[in-house]
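Chemist: Below is the structure I would like to discuss, written out as structure tokens.
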């Protein structure tokens with residue numbers, strides 16, 4: 001066989017070998033699919049070595065409840081709450097806020113057997129992977145699914161306490177256990193005030209009827225960190241009630257919607 005024939009045969013063998021070689025496989029493990037997954041929490045449950053503490057602060061720092069909605073397991077009623085916190089909060093402030101949000105979720109949802117709270121610092125990422133922390137709690141000590149644990153979130157037995165994870169779901173995490181009885185401390189700070197609603201008098205006095213000029217949040221208190229009740233769209237008719245407030249340079253007015261919901265909105269967005 002000539003030199004050209006040898007080259008052709010060797011080339012053909014190399015091509016055949018390349019076609020028959022198995023495709024390379026990735027060594028990166030795939031995330032397990034969970035039948036009980038919730039958007040906002042990704043990845044397998046981690047074994048937690050958690051320190052047990054009491055709530056560090058007597059006053060709850062302000063935070064915004066973005067939404068509370070029911071999770072999808074018909075045999076066990078659970079709720080998920082998303083909250084917005086300030087990026088500057090230190091460890092003690094974040095722990096106090098997470099414990100309060102979890103406790104308030106169970107109090108507000110009397111049918112809830114368990115609740116999970118996700119904390120975010122960026123409004124644009126709410127509903128995705130939490131970037132600040134998470135709280136888990138049950139009413140009956142049976143965990144998330146009723147099996148006594150908080151899998152798929154956390155591989156830890158439910159002993160009737162509040163289970164916190166500080167940090168991002170995609171970065172380093174710190175696990176903390178908080179005794180429930182320590183979350184009952186009375187608090188008189190702004191965090192509690194956000195949950196009480198506007199003090200408008202009984203009954204509130206109508207000052208004017210207007211329409212919303214541009215989209216504005218209706219909030220429980222005259223503060224951008226207060227809980228958002230709903231988004232008022234342009235053209236929405238509202239009643240402006242007696243009373244005003246000014247916080248951080250913004251002027252607020254007490255507002256009542258057509259369905260009777262009362263809250264505070266930035267007055268410059270209505271006319």
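Conditions tested, residue by residue: (1) assigned by TED's automatic domain parsing to the domain that holds residue 94; (2) under 19 Å from residue 119 (Cβ atoms); (3) at pLDDT 75 or above.
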residue	(1), (2), (3)
163	yes, yes, yes
168	yes, yes, yes
174	yes, yes, yes
185	yes, no, no
209	no, no, yes
215	no, no, yes
225	no, yes, yes
228	no, yes, yes
235	no, no, yes
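Chemist: Might you check whether a residue that is modelled with pLDDT of 50 or more, more than 23 Å from the chain's Cα centre (by Cα) and more than 17 Å from residue 117 (Cα to Cα) occurs anywhere in segment 2-21?
Modeler: Looking only at segment 2-21, we keep the residues that are modelled with pLDDT of 50 or more, and these are 2.
This time we only want the ones that are more than 23 Å from the chain's Cα centre (by Cα), so: 2.
Right, trim to more than 17 Å from residue 117 (Cα to Cα) and you get 2.
Yes, segment 2-21 contains a residue that is modelled with pLDDT of 50 or more, more than 23 Å from the chain's Cα centre (by Cα) and more than 17 Å from residue 117 (Cα to Cα).
Chemist: Okay, moving on. Residue 197 versus (1) over 22 Å from the mean Cα position of the chain (by Cα); (2) modelled with pLDDT under 70: which is the lone unmet condition?
Modeler: Result: residue 197 fails condition (1) only.
Chemist: Consider residue 115 against the criteria (1) surrounded by fewer than 17 Cβ atoms within 10 Å (Cβ to Cβ); (2) at pLDDT 85 or above: it satisfies all of them except one. Which criterion is unmet?
Modeler: Answer for residue 115: the failing condition is (1).
Chemist: Would you point out the residue of segment 254-266, among those that are part of a strand (DSSP E or B) and free of Cβ contacts under 8 Å to residues at least 40 places away in the same chain, that is surrounded by the most Cβ atoms within 10 Å (Cβ to Cβ)?
Modeler: Once the filter is applied, the top-ranked residue is 255.
Chemist: State yes or no: is residue 106 touching a residue at least 24 places away in the same chain (Cβ under 8 Å) and either over 23 Å from residue 70 (Cβ atoms) or not in a strand (DSSP E or B) (or both)? I'd like the intermediate steps shown before the answer.
Modeler: Numbers: touching a residue at least 24 places away in the same chain (Cβ under 8 Å): yes; either over 23 Å from residue 70 (Cβ atoms) or not in a strand (DSSP E or B) (or both): yes.
So residue 106 passes the test.
Chemist: Sticking with this one: Please work out which one of (1) assigned to a helix (DSSP H, G or I); (2) within 13 Å of the chain's Cα centre (by Cα) is the condition residue 81 fails and give its number.
Modeler: Of (1) assigned to a helix (DSSP H, G or I); (2) within 13 Å of the chain's Cα centre (by Cα), only one is false for residue 81: (1).
Chemist: For segment 219-233, check the following and say yes or no: at least one residue is part of a strand (DSSP E or B), in contact (Cβ under 8 Å) with a residue 40 or more places away in the chain, within 27 Å of the chain's Cα centre (by Cα) and at negative phi.
Modeler: For segment 219-233, residues part of a strand (DSSP E or B), in contact (Cβ under 8 Å) with a residue 40 or more places away in the chain, within 27 Å of the chain's Cα centre (by Cα) and at negative phi: present.
Chemist: From the set of residues in segment 64-80 that are farther than 25 Å from residue 217 by Cα and without any contact (Cβ under 8 Å) to a residue 40 or more places away in the chain, which is surrounded by the fewest Cβ atoms within 10 Å (Cβ to Cβ)?
Modeler: 74
The values are calculated or read from the model by the stated rules, or taken from the named source; none is laboratory data. These numbers were taken from a predicted model, which means no experiment stands behind them. Positions of Cβ are backbone-derived with ideal geometry, glycine not excepted, and every protein chain shown enters the neighbour counts.
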